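This report refers to the structure that appears directly beneath it.
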Ligand SMILES: [Zn+2]
């Protein structure tokens, strides 16, 4: 299960990143948080699919 976090950049943007290698840059902390939440939700959906 992924856990995405966010970190502010020197230029004022905010990077959302995950230990799985996923990352994305957003203009605001709120947008980065949204992206992080969506990433976790996307991965959860994939992992909840039937294994067959
Ligand atoms: Zn991830």
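The values are calculated or read from the model by the stated rules, or taken from the named source; none is laboratory data. Keep in mind that this is a model prediction, so the values were computed, not measured. Here Cβ is always computed from backbone atoms with ideal geometry, including for glycine, and neighbour counts include all displayed protein chains.
Looking at residue 52, is it more than 14 Å from the ligand (Cβ to nearest atom), at pLDDT 95 or above and part of a loop (DSSP other than H, G, I, E, B)? Show your work before the answer.
Details: more than 14 Å from the ligand (Cβ to nearest atom): yes; at pLDDT 95 or above: no; part of a loop (DSSP other than H, G, I, E, B): yes.
Against the criterion (more than 14 Å from the ligand (Cβ to nearest atom), at pLDDT 95 or above and part of a loop (DSSP other than H, G, I, E, B)), residue 52 does not qualify.
Name the single residue, out of those in region 1-17 being within 12 Å of the ligand (Cβ to nearest atom) and at pLDDT 95 or above, that is surrounded by the most Cβ atoms within 10 Å (Cβ to Cβ).
Among them, the one singled out is 16.
Pairs under 7 Å by beta carbon, first residue surrounded by 11 or more Cβ atoms within 10 Å (Cβ to Cβ) in region 20-48, partner at pLDDT 90 or above and part of a helix (DSSP H, G or I), six or more apart or different chains?
Matching pairs, first to second residue: 22/39; 24/35; 26/32; 26/35.
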